[in-house]
1. Please verify whether THR169 is in contact with a strand residue (DSSP E or B) (Cβ under 7 Å, 6 or more places away or on another chain) and among the polar types (S, T, N, Q), treating the condition exactly as stated.
2. Does LEU14 fit the bill of being open to solvent by less than 30 Å² (accessible area, probe 1.4 Å) and either within 23 Å of GLY283 (Cα to Cα) or at pLDDT below 95 (or both)?
3. Could we say that GLU28 is charged (D, E, K, R) and crowded, with 16+ Cβ neighbours inside 10 Å here?
4. Of all residues in segment 115-161, count the ones that are open to solvent by 70 Å² or more (accessible area, probe 1.4 Å) and touching a Ser or Thr at 6+ places or on another chain (Cβ under 7 Å).
5. How many residues are among the small types (Gly, Ala, Ser) and farther than 15 Å from LEU88 by Cα when one looks only at segment 110-162?
6. If you go through segment 33-53 one residue at a time, how many are open to solvent by 50 Å² or more (accessible area, probe 1.4 Å) and closer than 12 Å to ARG253 by Cβ?
7. Among the residues of segment 288-305, write down those that are open to solvent by 20 Å² or more (accessible area, probe 1.4 Å), small (Gly, Ala, Ser) and assigned to a helix (DSSP H, G or I).
8. Residues of segment 210-234 being more than 21 Å from the chain's Cα centre (by Cα) and open to solvent by 60 Å² or more (accessible area, probe 1.4 Å), which ones?
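The values are calculated or read from the model by the stated rules, or taken from the named source; none is laboratory data. All of these numbers come straight from a predicted model, not from anything done at the bench. Here the Cβ is made from the backbone with ideal geometry for all residues, glycine too, and neighbour counts use every protein chain on show. Heavy atoms of the whole protein, side chains included, go into the accessibility calculation; ligands, DNA and RNA do not. Shrake-Rupley method; radii C 1.70, N 1.55, O 1.52, S 1.80 Å.
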Amino acid sequence: MLSSRRGFLGAAGLASLAGAASAQGAAEDPVWLQAQLERYHGFGIKASGGPGDNACGAWLEETLRGWGYVCRRQPFDVPCFEARQATLSSGPAQATVIPQAIVAPTGPQGLTAPLRLASDRGDLSGAIAIVVLPYARWAALAQPPVAQALNQAFSRGAAAAVLVTTGPTGEAIALNVTTHRPGYARPVAILAPKDAQPFLAAAAAGRSGTLIVDGKGGKREAFNVIAKLDRKARRTVILSTPRSGWFTCAAERGSGLAVWLSLARWLSRSDHGVNVELLATSGHEYEYLGGEHYLAQAPAPAVTKAWIQIGASAAARDWHELGPRLLPLPSADSQRVLTASADIVGPVRAAFHGLPGLEATYLADQTTAGGELINVLNAGYARMIGLYGGHRYFHTRADDMRCVSAELVAPVAMAFRTAVSAALA
């Protein structure tokens, strides 16, 4: 077993993959794929407009220019918060929390108040309400159980709220949020289920706690990377992926970005009779903000041959649940969804046959599409393929190189080549 830096794929595994690729006549190199995964992971936290996100964008520009693409940046503003301290304490118990964006800070002294369980009936006036969410792979503040619980807690007078994101790993799960509505005026923080028990006991006993969410907030500039290969064709294929996220996002973002880079390189070497436009967005955590900005100036639906969106958890590792432990598997997490427009759903389904989760390709519509593809669909684009998912360590600090490897990414990259070829036929 390798460290979190290199995941679980060793030299022997890479050599085996390389041999399999050669036997299949594939142009992709698994050693190269692994290098892309590790390079992305190495940029650290990818919060929109932060150092890791910006460095990743610069790396993509350099890489794409080397393949003949002409690159430009599309800047826009995003919220930001650099935490100095984010903790919940009660008596001897103290835990790190995630400040929920858009952050309402407490200041350095924090808020000391009675801890109350939001599930208990009664007055929450002036209290720190602890909201224990039901089990799910949480992703966004707008999900009804989250929004409803927070709104009810604040309507009952809570001075702050702490969300316990019950999920598949025991880790705290950061939640995406829109910028089109104001954030909560009172502090909201996220507490890992694995750290919650002392605070639940304190609330049940009527004890107080202190929530500190202190740091520097405001706005900063982020940018989309847009790259074009102009073949003077009548129509264009758009290939998009998000690159930003709350933490290191090795599997959430890295696996999709590796597939995206693989396709970008392949498209630069093979002429399908279309122009190629690549998009790597920032602002994803703010409910697809970068994608919204791009849509305002994207090629029109009438001149777009197809839009290919590669979203979250394209090729993340699955894990066995053995009591309190999670043990890694060599297979991919099946909680990933593939959708396609009606005219190509059959060929796309065939291309992904045998890949867990992706083989059940759905018709892309308002009930099945996810991530940035929702806005693409609403904008009137006709032919599309979109992938999204939520692996076990999705939106957590533990999404590192243990969660992804080239052996998981390679078959997805090759399936996308087949699907894109069908979409461009």
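1. In short, yes.
2. Working: open to solvent by less than 30 Å² (accessible area, probe 1.4 Å): yes; either within 23 Å of GLY283 (Cα to Cα) or at pLDDT below 95 (or both): yes.
It is true that LEU14 is open to solvent by less than 30 Å² (accessible area, probe 1.4 Å) and either within 23 Å of GLY283 (Cα to Cα) or at pLDDT below 95 (or both).
3. On the way: charged (D, E, K, R): yes; crowded, with 16+ Cβ neighbours inside 10 Å: yes.
Against the criterion (charged (D, E, K, R) and crowded, with 16+ Cβ neighbours inside 10 Å), GLU28 qualifies.
4. Residues meeting the conditions: 3.
5. Taking segment 110-162 first, the residues among the small types (Gly, Ala, Ser) are 110, 113, 118-119, 122, 125-127, 129, 136, 139-140, 142, 147, 149, 153, 155, 157-161.
Checking which are farther than 15 Å from LEU88 by Cα leaves us with 118-119, 122, 125-126, 136, 139-140, 142, 147, 149, 153, 155, 157-158.
Count: 15.
6. So the count comes out to 1.
7. Matches in segment 288-305: ALA302 only.
8. Initial filter on segment 210-234 (more than 21 Å from the chain's Cα centre (by Cα)): 210-218, 227-234.
The answer is LYS216, LYS228, ASP230, ARG231, LYS232, ARG234.
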